[in-house]
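The values are calculated or read from the model by the stated rules, or taken from the named source; none is laboratory data. Remember, it's a predicted structure, so these values are computed and weren't measured experimentally. Because the Cβ atoms are built from the backbone with ideal geometry, glycine has one as well, and the counts that use them run over all protein chains shown.
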């Protein structure tokens, strides 16, 4: 018998089952008529219309619905139904032929009468046919508007009613069919019900022939069998074969079910899937062959090619169901995607490179010159190990964005790796492939993403790498950032050496002191201190303002700013060495202008000071103007902060007491020590300083650093505190517009300090004209551009006495 989902109607074109004819399980059970007596005697005309069937055969005695879809077939059905005539149902040899010719159809078919026609919503017709008599086509008369043929009726010879042989065949057919239904759980129960309730020997044979899962050729051969006995004999042979197959399947399934465990079951299913995929041309083998073809085109070292082929052969031996298969495929895909020896050509037009750098960034001359030197050597020599540059300075001065400009100037790809808060060494070196979820390190991932082996890669915030129980990432960076070692960089996931010498690494940092000494030693340190007020104005007008206009959809003539207004925004609304806050304020102004444009409000194109105050509010900062000239005990110092330099006032005052020293102003340990040393030195040199020693016993001294909410620490306020303390004890005033920075010792020696450039910029912003520095800081001043120190007078000292002589009146 046919399978549960294979019970078929006789099909013409594409068959759709008719809802009105379905049973509860949505199957069509053909109706069989006739007892043991012959089928209804009909006189088949000599010439009848021929209806072509797809993949189905109509047997005599069956009443079956079919769906008619071809125009020619629809015309035929309507014409026959109107005349109440008979048609011939004939199987076409190839079911996929849309417009069959006479030679495309079998010669033997079945004469049928139309019982009913149903109109379907899609325009097709569902026709219920009653099979009458077997006929043979002798000649086709016409093909249009539908087939008509001359036929000869073929009466199935019926054995004698008392024929024991025929009765035995029929009983055997019935028993074998029922047994097939019992051993096959997929067979429908209604099929067994139908077989049991068909009394006609002719009917049971034709019913089973109609519903067996057979090829078109086998079903046609059953129809063409010469008589019922021959048909029954052939049908029994087929049923016995199907029964044996069904029993064998059950035995195999039962044995396999008991023997295989879950892994074997998965393997079995996967093998079936692979077979299906191979038939579709989209299996695992196809992926492997595709990888092998891609590998032939790769420009990589010979040892990489050997490793790839070895790993590929290992994959071919693996079952795709195991976890290692996907791990290996991911690894091979990485090998194919890495650029290896693929590099981009450097732009060696030095003038063009200089123009690109000058266009993108104002200032930063030292960095630009260093990069141009690198290009010049490549142009002359043809090759050069890329240096490791480290740009350090306060936030917002353009360290990170400089990397994009460098990449554009060199014509290289650009990548960025953020190291801020990185605490796992595997993020740099990668994980070993034995771990679940292993992946290559960020260096290899970035190179893969760039698609070349000589990109410019920014290592952002290298000073903010942290140490944890997962290792020390800064130590892992030693191999990356050492030009002598990075030619053979080893990534744990890749498990092969990769040449990083062609990569131009540019690290950025805010505080050099936080970089591990060994790591700092491997990089060229380039300081980007900060910008003068004049430089910020240029940057705002030439870079930031055009950028904000474009970002907010504002035309140039709709928003302009004068240098004076920009200078006011810088002085009153920002306090930084870079231009990040300035950029944010300009964005806020641009948004306000965009709103005016969108609401069609009247406005003047030029942003005025009044407009700035309306948009940004009242000034947040007072200009850093010197404001303590000619006072006793108040001295101006200079400090370095993460946002650049700043001026710092140190005050001291005497009050009646017993010689107690108190410190206020949220000071760190270093500044507290500086204050103690300054006071002790003053007491030790009271004679030289002209101080009455009784003042130390009858007065308390309070040393205060204003803005107590802001933590302050550092070794650069020593001489400032000495000057303040001495001024308070002697009553001598501090000279106007003078500032100082430097540490002191108990012997009175003035020690050098760092951050000189930032401090000088802060002094110049505040209107200071004279600066006192340690003699050892003279070399730092020589490295600063002359325009940065124009208008300033520098005094270099070695002892506290020299400081006091210069600072006090």
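Here are a few things to note about the model shown:
- In segment 572-590, residue modelled with the lowest pLDDT [restricted to those that are closer than 24 Å to residue 765 by Cα and in contact with a helix residue (DSSP H, G or I) (Cβ under 7 Å, 6 or more places away or on another chain)]: 577
- Residue that is farthest from residue 492 (Cα to Cα) [pool: residues in segment 433-448 that are assigned to a helix (DSSP H, G or I) and free of Cβ contacts under 8 Å to residues at least 60 places away in the same chain]: 446
- Scanning segment 305-341 for residues that are at pLDDT below 90, closer than 17 Å to residue 496 by Cβ and not in a helix (DSSP H, G or I) returns a single hit, 341.
- Selection from segment 449-463 of residues that are crowded, with 17+ Cβ neighbours inside 10 Å and part of a helix (DSSP H, G or I): 450, 462, 463
- Helices (runs of 4 or more DSSP H) fully within segment 178-254 counting 2 or more residues that are touching a helix residue (DSSP H, G or I) at 6+ places or on another chain (Cβ under 6 Å) and either modelled with pLDDT of 80 or more or closer than 20 Å to residue 133 by Cα (or both): 201-211
- Screening residue 598 on (1) farther than 27 Å from residue 710 by Cβ; (2) touching a residue at least 60 places away in the same chain (Cβ under 8 Å) shows it passes everything except condition (2).
- All positions within segment 426-443 that are surrounded by 22 or more Cβ atoms within 10 Å (Cβ to Cβ) and more than 20 Å from the chain's Cα centre (by Cα): 429
- Of all residues in segment 376-391, those that are touching a helix residue (DSSP H, G or I) at 6+ places or on another chain (Cβ under 6 Å) and modelled with pLDDT under 85 total 1.
- Counted as qualifying within segment 591-676 are the strands (runs of 3 or more DSSP E) with 3 or more residues that are touching a strand residue (DSSP E or B) at 6+ places or on another chain (Cβ under 7 Å), surrounded by 14 or more Cβ atoms within 10 Å (Cβ to Cβ) and at pLDDT below 90, namely 644-656.
- For segment 416-432, residues that are part of a loop (DSSP other than H, G, I, E, B) and closer than 19 Å to residue 459 by Cα total 8.
- Verdict on residue 364 being touching a helix residue (DSSP H, G or I) at 6+ places or on another chain (Cβ under 7 Å) and within 24 Å of residue 480 (Cα to Cα): no
- Filtered by the rule that a residue be over 23 Å from residue 215 (Cβ atoms), at pLDDT 85 or above and touching a strand residue (DSSP E or B) at 6+ places or on another chain (Cβ under 6 Å), segment 47-72 gives 47, 48, 49, 68.
- Any chance residue 475 is closer than 23 Å to residue 344 by Cβ and either out of contact with any strand residue (DSSP E or B) (no Cβ under 8 Å at 6 or more places or on another chain) or assigned to a loop (DSSP other than H, G, I, E, B) (or both): no
- Residue in segment 494-502 that is in contact (Cβ under 8 Å) with a residue 60 or more places away in the chain, on the phi < 0 side of the Ramachandran plot and not in a loop (DSSP other than H, G, I, E, B) present: yes
- Residue match in segment 32-44 (condition: at pLDDT 80 or above, under 23 Å from residue 158 (Cβ atoms) and exposed (fewer than 14 other Cβ atoms within 10 Å of the Cβ)): yes
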